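Here's the structure we're looking at; comments come further down.
The values are calculated or read from the model by the stated rules, or taken from the named source; none is laboratory data. Keep in mind it's a predicted model, so treat the numbers as computed, not measured. Cβ atoms come from the backbone with ideal geometry, glycine included; neighbour counts cover every protein chain shown.
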Amino acid sequence: MAKFVGLTDYLGRIVRPILGKYGANDYRELAVNADGQVLTAKGGSPITSKATGSGAIAKTVIPGAAFRLLRVELHLDSAPASTAEDFTVNIDAGDGATYDIKLIDLDLYTNGVQDLVKTYGEGFEYGADDEVDIAWANTPTETYGVKVVYELI
């Protein structure tokens, strides 16, 4: 894949920036060069992976390349009125369970959480075989929207 640099590709050809769909709910800035080749922008081009619903959250983000986690956002239509259940965000390490880490472990009911934004950035770089797993049982069936924002490095 060609490297994207500003409004030219690595050969200096002019490219046209576009917003492209990378996965089922993942969007990133892309560019198309004069030959119609799609170029992926790395670094400084955040990718947003989204999920919504009113059942359990079981979202896995698989960047497929080394990445930096930038932000996790959660919005509920209302703070859970019953049932103590933990909302978790984990890094599922490609090197095996011994290296998995928990970034967020929060009982949304006990803490009265309706909105949660956790920022990351520099220092939260992961390998191409690492994944971000988000889970919440959502027994009270709150309608939710969750976003994971990251960039390829």
field: Qualifying residues in region 71-86 (those that are in contact with a strand residue (DSSP E or B) (Cβ under 7 Å, 6 or more places away or on another chain) and among the aliphatic types (A, V, I, L, M)) - the one surrounded by the fewest Cβ atoms within 10 Å (Cβ to Cβ)
entry: ALA84
message: I'd like to verify a number: residues in region 100-128 that are touching a strand residue (DSSP E or B) at 6+ places or on another chain (Cβ under 9 Å) and either part of a strand (DSSP E or B) or farther than 25 Å from PRO46 by Cβ (or both), how many?
response: 15
- request: Using the structure shown, decide if VAL149 is closer than 21 Å to ILE91 by Cα, at pLDDT below 95 and assigned to a strand (DSSP E or B).
  value: yes
- prompt: Does LEU39 satisfy being surrounded by 17 or more Cβ atoms within 10 Å (Cβ to Cβ) and either part of a loop (DSSP other than H, G, I, E, B) or modelled with pLDDT under 95 (or both)?
  reply: yes
- prompt: Do we find that PRO63 is buried (at least 17 other Cβ atoms within 10 Å of the Cβ), over 12 Å from the mean Cα position of the chain (by Cα) and in a loop (DSSP other than H, G, I, E, B) in this structure?
  reply: no
